[in-house]
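Input: a single structure, listed below in structure tokens.
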Amino acid sequence: MSKEKGKLDWVDYSKIMLKLAKESLKNNSEIINFVEKDYLKYLKEIDDDSLDFVMIKYSLDYIKNFKEFFSFLYKKMKKDSFFISTVTVSSDILKSNSTNARYFYRGKPIPFGESVKLKEGDSFGIGFFKESGNPNSGLIEGAFTTKYYFSVDTIKSLAQKQGFEVFFGDWRNLLKENSDFEMKILVLRKVNK
């Protein structure tokens, strides 16, 4: 008997991140299809009801339009399939406290140790230092990224309006795990409307 292997599409718009993923996952290359594409373009191009499982790690805050994203996601996921994502920006207070990066709001750097109150849909930038811990070393050219803030309530509401069952919270509460590692996650389950 032959055992059928699944297929995984690893989607990223960053050539650098795809290169790193390919290098670290080279032993699984027969089941992983690496796709250099924006997430919305990818979702628009695949068949409806074709996704069994969707996972986003450390990238939910790159989504600029959740209404559009959840609409496409719902169409592309199979019934009873799951979407799981880590949630790295869940507070409307953006504090510049990284020793590896400088935060920007409305085009201006946020001084180390200071905070900015974000509003729904606000964008903010992150530039990474050439030398970790040394803000005087300058920023790495081409390593600037833009993220977007949406409250957890807004994200949950938009997902529910689309027809998803929603869990938001610490992964330990969902899986009943006893661990010191805290990580907020968003879990969506596609159900019939």
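Worth pointing out:
- Geometric extent, Cα atoms of region 111-165 - Rg, Dmax (angstrom): 16.3, 49
- Loop-located trypsin sites (Lys or Arg not before Pro) in region 1-50 (DSSP state not H, G, I, E or B) with no more than 13 neighbouring Cβ atoms inside 10 Å: Lys3, Lys5, Lys7.
- Whole-number percent relative contact order across region 1-109, with pairs defined as alpha carbons under 8 Å at least 6 apart: 23 percent
- Shown here: Rg and Dmax of the Cα atoms in Å, derived from the displayed model; of the candidates (i) 17.3, 52; (ii) 29.3, 104; (iii) 18.5, 62, it corresponds to (iii).
- Protein accessible area in the chain, 1.4 Å probe - carbon and sulfur %: 50 percent
- Sparse packing (at most 13 other Cβ atoms within 10 Å of the Cβ) combined with a DSSP loop state is found for the following GluC sites (Glu not before Pro) in region 1-105: Glu4, Glu30.
- Within region 6-20, backbone nitrogen closer than 17 Å to the virtual label 7 Å beyond the Cα of Phe34 toward Cβ: 8-20
- Sparse-neighbourhood loop sites, trypsin sites (Lys or Arg not before Pro) in region 113-180 - DSSP loop, at most 16 other Cβ within 10 angstrom: Lys119, Lys176
- Between helix 66-76 and the chain: long-axis angle, C-alpha atoms, 0 to 90°, nearest 10: 20 degrees
- Separation in nanometres of the label points that stand 7 Å from Cα toward Cβ, at Lys44 and Leu25: 2.4 nm
- Reachable lysines, given that their alpha-carbon falls under 22 Å from the alpha-carbon of Lys117 and they are not under 8 places away in the same chain: Lys64, Lys95, Lys108, Lys147, Lys156, Lys184
- Efficiency of FRET from Cβ geometry, Ser14 and Lys64, R₀ 25 Å, rounded to 0.05: 0.95
- The charge dipole of the chain, taken about its Cα centre with unit charges on the Cβ atoms of Lys, Arg (+1), Asp and Glu (-1) only, comes to about 260 debye.
- What the Cα convex hull of region 1-69 gives, in volume per residue, is 115 Å³.
- Label sites at Ser157 and Glu141, each approximated as a point 7 angstrom past Cα along Cα to Cβ, lie 4.4 nm apart.
The values are calculated or read from the model by the stated rules, or taken from the named source; none is laboratory data. Since the structure is predicted, the reported quantities are computational estimates derived from the model, not experimental observations. Note that we place each Cβ from the backbone using ideal geometry, even for glycine, and neighbour counts take in every protein chain shown. Keep in mind that these areas ignore ligands, DNA and RNA; they rest on the heavy atoms of the full protein, side chains included. Shrake-Rupley method; radii C 1.70, N 1.55, O 1.52, S 1.80 Å.
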